[in-house]
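Take a look at the structure below.
The values are calculated or read from the model by the stated rules, or taken from the named source; none is laboratory data. Fair warning: this is a prediction, and the values are worked out from it, not measured in the lab. For neighbour counting, all protein chains shown are included, and Cβ atoms are generated from backbone atoms with ideal geometry for every residue, glycine included.
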Amino acid sequence: MSTPGTGPLVAARGISKSFGGVEVLRNVDLDLAVGEIHALLGENGAGKSTFAKILAGVHRPTQGTISLAGSPVEIGSPIDAQRLGITLIHQEPLSFPDLSVAENLVIGQAGGSPLKRVRWSELAENGKRLMSLLGVAIDVRQPMRGLSIADQQMVEIARALASDSRLIIMDEPTAALTPKEVETLFVIARRLRAEGRTIVFISHRLEEVRAICDRVTIFRDGEKIETAPTASLSDADIIRRMIGRPLGEFIHRGTSHVGAVALSVSGLTLPGRFENISFDVRKGEIVGLGGLVGAGRTDVARAIFGVAPAASGSIAVNGKPVAIREPTDAIANGIAFVPEDRAIAGIFRTLSVESNITAAVPDRIAPHGLIRRAAEKAIGLEQVRKLRIRLASLRQPIGELSGGNQQKAILARWLLSEPEILILDEPTRGIDIGVKAEFYEMIGDLAAAGRAILLISSELPELLALSNRILVMCEGRLTAEIPRAEATQEAIMQAAVPRSGVHSHSAGAAA
Amino acid sequence: MSASEQRQGVNQAGRESAAAKPRWKILLVRPESVTFVLLILATIVASHLSPFFADLGFILESSTYYIEFAIVALVLTLVIIAGEIDLSPAAMMALTACIFGTVLKAGAPVPLAMAASLVSGLALGAFNGFFVTVLRLPSIIVTIGTLILYRGLAQVLAGDKSIGSFPSWFVGIDYRMVGIVPVPVIIFVLASIALGLFLGITIYGRQIYQIGTSEMAAIHAGIRVRRIKMGLFLASGLVSSIAGLMTASRLGSVRYDLASGGELTMVLIVMLGGTYIFGGRGSILGTFLATWLLVIIATGMTVANIAINAQLTVMGLLLIVSIVATNWIYARSQR
Ligand SMILES: Nc1ncnc2c1ncn2[C@@H]1O[C@H](COP(=O)(O)OP(=O)(O)OP(=O)(O)O)[C@@H](O)[C@H]1O
Ligand SMILES: [Mg+2]
């Protein structure tokens, strides 16, 4: 397992990659040392995932060589990578939704003859052990389908741990996790490092990079700009290298005039998911909804939008009770919902970027049922510019965009629909620092224009910066309502952590 | 803000001008390209096998049997792109044609009997649609069930004997010509154009692709998924009854086993046209081309005295070749 000598574990030289004539990586040299945690940083579409996928055998480089522990290797497929001890935790969790969590945990593992019996009880035992290591309460016998994004992410992480690899690449593993899960992940990452494994960590959150990464490599536009020890660069240095300009600070102006109640839910209950949820969102108000992964925030949002309606309770829009049985009912009432799970509930993977962007506004591109290509293109271009979506062409399938750029396209879809009530579930998942600030600006503008906004986010700074008021959920119940003036990270976490676990914040990791 | 504006401009220009995929590559991965190539090959081979093939009129005349299925296959293309399937159209053709025959035999005038057939086609489609959109059952299961049910009902209604003696003006639609083109072919071409436009330039066509690509995403985007699917099953029922009437006219009589086995021919045409059986990709042009491919191969082989069972083998092989080729090209374009 350990590598002899002191040379790097991975030495990539002159790596380039093109997709259909568009070069997305240019001549990248990168060394990964044994037993280090190495961050890859860069804007959306800078080439981080592409580089990660090359290491993991998903893509073949157009040019360049990779050596592993001193000897050149050809990583032709993910199976090769597995055999070489390289595991990738994908940005978009890839799983087999109909198989159980336990089965997903062992997928792709080599070994065993094809006719050997599968020991189901052993499989489940192993799964349970892994999940408790991560401190997450997921029943390993349930199917993957229906797990939240964060839980899917945890399963992916557990799968990487199970594989006993010497290089583990984590592509934005924390994007949907709350501080508690992130802390657990970090405890594990540090332990892996102590065992001499190498970890590549991709994230858009600088504070996380500071917390665990020994060195950082910064990508911009497919080129490697710099590799340096984390401590030697200030945040401003990093940002300047990433986006080539200093970042404007987002300041919540708080100018929006809070008006009448736009959305009111009372006594919303879905057994096993959430119970007796009541709150109002007023026009011009941004209400944050915080809580740990699995607290039921997404379930509440899905109930309001009619994807999985509540069993009891009522919803009123502008003071009038409404019956929302499916999303079209919600949309008819002026509600929009940006789901957290963009891969499944958001994008049309093989369809063009423009048809993805305009999917929720058919009337604007086809006033009389006939699509006006010019109008559609104009709308698409405007959004691409506004949100700085990086693409080769509007006709390109959206699946070819980087994760963050896909997310921007989905945001654009809903901003276009100009909803009265906007529910955002982890809207900035995977979005880079530069665009985030602009997105916050847009949300602020929407509120100022009298829209009601419900913001679900696992990123506490985001909740604190944007919300007028923060609701906190814990285990399916609302546990706190914190006005802006009193909102702090501590206050939110206090209400978010279940009573039994309040005393030790590393309870999850210790379990 | 101005700095960022400027940067966007640069970024935009840089990226947009970075040449996208070359045009020929885009053309190559279009789903109907393989069909088109096969069509040309088949024409060349067939015209070597038999001099009859120089005669366009001959091909058109011999196409009328397949054209009835092909008209239904046009609608089936939409159903499949939307991520569903309908295996009952051939049975619907039979049942609605038997209803036509029965109503006619009871003394009603032809227009009334035709109306009865069309309305019953809609009703049968609605029945399929109800199970799929309201009870949310998989369409493959539902329509395998109704394929048997509808055929059974046709037998119950018409017995084992054929119902005939239609008024002479109703019989022989395949012998009515406009120039050298039989009327069914004209109907097929017009239907292809209409449905091609519907799929290509209307918002409903767009939404059909979206539903087939990801039903979950479509629901979240507020697309009326169930309404559109119901519409497609209704259309399938309606077009089946039209095709059933055309068959009745061509044969001059109806029996419960009319168009038997036709569902496979329809699915064959749609898949041969490059439409992806699990939804989200496909085109009317593909189905149109695949129809002529089928017609040319079938007539070519008949003219060359190749037995019917050998013809089936060739069709099967062809389907496999076209699927493998399409997938291969698609996969190559992705890496
Ligand atoms: N299969 C593909 N076909 C065409 N272009 C692609 C493909 N995969 C990635 N790209 C392009 O390569 C570039 C880099 O993408 P990549 O996913 O590596 O970005 P990233 O740095 O991971 O961004 P993010 O932070 O958004 O995840 C993007 O411009 C993207 O559009
Ligand atoms: Mg990425």
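For A:Gly399, the criteria (1) within 16 Å of ligand 2 (Cβ to nearest atom); (2) crowded, with 21+ Cβ neighbours inside 10 Å; (3) modelled with pLDDT of 85 or more hold in every case but one, which is (2). Filtering the range A:358-378 to residues that are surrounded by 15 or more Cβ atoms within 10 Å (Cβ to Cβ), out of contact with any strand residue (DSSP E or B) (no Cβ under 9 Å at 6 or more places or on another chain) and within 10 Å of chain B (Cβ to nearest Cβ) leaves A:Thr358, A:Ala359, A:Val361, A:Pro362, A:Ile365, A:Arg372, A:Glu376. Restricting the search to helices (runs of 4 or more DSSP H) fully inside the range B:205-273 and requiring at least 3 residues that are among the β-branched types (Val, Ile, Thr) gives B:225-251, B:262-272. Counting the residues of the range A:278-309 that are closer than 23 Å to A:Gln489 by Cβ and either of a type outside the set (Lys, Arg) or in a loop (DSSP other than H, G, I, E, B) (or both) gives 17. Screening A:Ala336 against (1) outside any helix (DSSP H, G or I); (2) within 8 Å of chain B (Cβ to nearest Cβ) leaves a single unmet condition, (2). Among the conditions (1) among the charged types (D, E, K, R); (2) within 11 Å of chain A (Cβ to nearest Cβ); (3) in contact (Cβ under 8 Å) with a residue 24 or more places away in the chain, B:Arg206 misses just one, which is (3). Of all residues in the range A:227-243, those satisfying the criterion of being outside any strand (DSSP E or B) and surrounded by fewer than 18 Cβ atoms within 10 Å (Cβ to Cβ) are A:Ala231, A:Ser232, A:Ser234, A:Asp235, A:Ala236, A:Asp237, A:Arg240. Taken together, B:Asp86, B:Asp55 contain a single residue that is acidic (Asp, Glu) and surrounded by 24 or more Cβ atoms within 10 Å (Cβ to Cβ), which is B:Asp86.
Report, by residue number, each residue of the range A:418-442 that is surrounded by fewer than 21 Cβ atoms within 10 Å (Cβ to Cβ) and away from ligand 1 (no atom under 16 Å from the Cβ). Listed by number, the residues that qualify are A:Glu418, A:Glu420, A:Tyr440, A:Glu441, A:Met442. Could you tell me whether the range A:156-163 includes any residue that is of a type in the set (Ser, Thr, Tyr) and out of contact with any helix residue (DSSP H, G or I) (no Cβ under 9 Å at 6 or more places or on another chain)? Within the range A:156-163, not a single residue is of a type in the set (Ser, Thr, Tyr) and out of contact with any helix residue (DSSP H, G or I) (no Cβ under 9 Å at 6 or more places or on another chain).
Annotation: A:Gly284 fulfils all but one of (1) buried (at least 20 other Cβ atoms within 10 Å of the Cβ); (2) facing chain B (nearest Cβ under 10 Å); (3) over 26 Å from the mean Cα position of the chain (by Cα); the unmet one is (2).
Annotation: A:Gly346 fulfils all but one of (1) over 25 Å from A:Phe439 (Cα atoms); (2) surrounded by 24 or more Cβ atoms within 10 Å (Cβ to Cβ); the unmet one is (1).
All told, A:Gly112 falls short of being under 17 Å from the mean Cα position of the chain (by Cα), at positive phi and modelled with pLDDT under 75. Being in contact (Cβ under 8 Å) with a residue 12 or more places away in the chain, at the interface with chain B (Cβ under 9 Å from one of its Cβ atoms), within 16 Å of ligand 2 (Cβ to nearest atom) and basic (Lys, Arg) is true of A:Arg388. Residue pairs whose Cβ atoms lie under 6 Å apart, separated by 6 or more positions or on different chains, with the first residue in the range B:99-114 and surrounded by fewer than 19 Cβ atoms within 10 Å (Cβ to Cβ) and the second among the aromatic types (Phe, Trp, Tyr), are B:Val110/B:Phe170.
Test B:Gly300 against the criterion of being closer than 13 Å to B:Pro31 by Cα and crowded, with 22+ Cβ neighbours inside 10 Å, and give yes or no. Answer is no for this residue. For the range A:131-149, filtering for residues that are within 16 Å of ligand 1 (Cβ to nearest atom) and assigned to a loop (DSSP other than H, G, I, E, B) leaves 0. Of all residues in the range A:361-379, one or more are assigned to a loop (DSSP other than H, G, I, E, B), more than 16 Å from ligand 1 (Cβ to nearest atom) and under 30 Å from A:Leu463 (Cβ atoms). Looking only at residues in the range B:251-305 that are in contact with a Pro (Cβ under 9 Å, 6 or more places away or on another chain) and charged (D, E, K, R), the one that is farthest from B:Ser62 (Cα to Cα) is B:Arg281. As a summary of the residue check, A:Asp29 satisfies the conditions (1) modelled with pLDDT under 90; (2) more than 15 Å from ligand 1 (Cβ to nearest atom) except for the one numbered (1). Within the range A:84-109, if we keep just the residues that are of a type outside the set (A, V, I, L, M) and within 16 Å of ligand 1 (Cβ to nearest atom), the residue that is modelled with the highest pLDDT turns out to be A:His90. Suppose we filter B:Ala243, B:Ala154, B:Ala158, B:Ala248 for residues that are under 15 Å from the mean Cα position of the chain (by Cα), buried (at least 20 other Cβ atoms within 10 Å of the Cβ) and hydrophobic (A, V, I, L, M, F, W, C); which single one remains? Within the list B:Ala243, B:Ala154, B:Ala158, B:Ala248, the selection yields B:Ala243.
Filtered by the rule that a residue be within 14 Å of chain B (Cβ to nearest Cβ) and within 16 Å of ligand 2 (Cβ to nearest atom), the range A:23-55 gives A:Val24, A:Leu25, A:Gly42, A:Glu43, A:Asn44, A:Gly45, A:Ala46, A:Gly47, A:Thr50, A:Lys53, A:Ile54. Which residue is farthest from the other protein chains (Cβ to nearest Cβ), if the candidates are limited to the range B:170-197 and must be within 24 Å of A:Pro367 (Cβ to Cβ) and surrounded by fewer than 17 Cβ atoms within 10 Å (Cβ to Cβ)? Ranking the qualifying residues of the range B:170-197, first place goes to B:Ile193. Would you check if there is a residue in the range A:408-422 being within 16 Å of ligand 2 (Cβ to nearest atom), within 11 Å of chain B (Cβ to nearest Cβ) and either of a type outside the set (D, E, K, R) or under 22 Å from the mean Cα position of the chain (by Cα) (or both)? Yes, the conditions are met somewhere in the range A:408-422. Can you name every one of the strands (runs of 3 or more DSSP E) wholly within the range A:27-93 that holds 1 or more residues which are surrounded by fewer than 17 Cβ atoms within 10 Å (Cβ to Cβ)? Hits in the range A:27-93: A:63-68, A:71-73.
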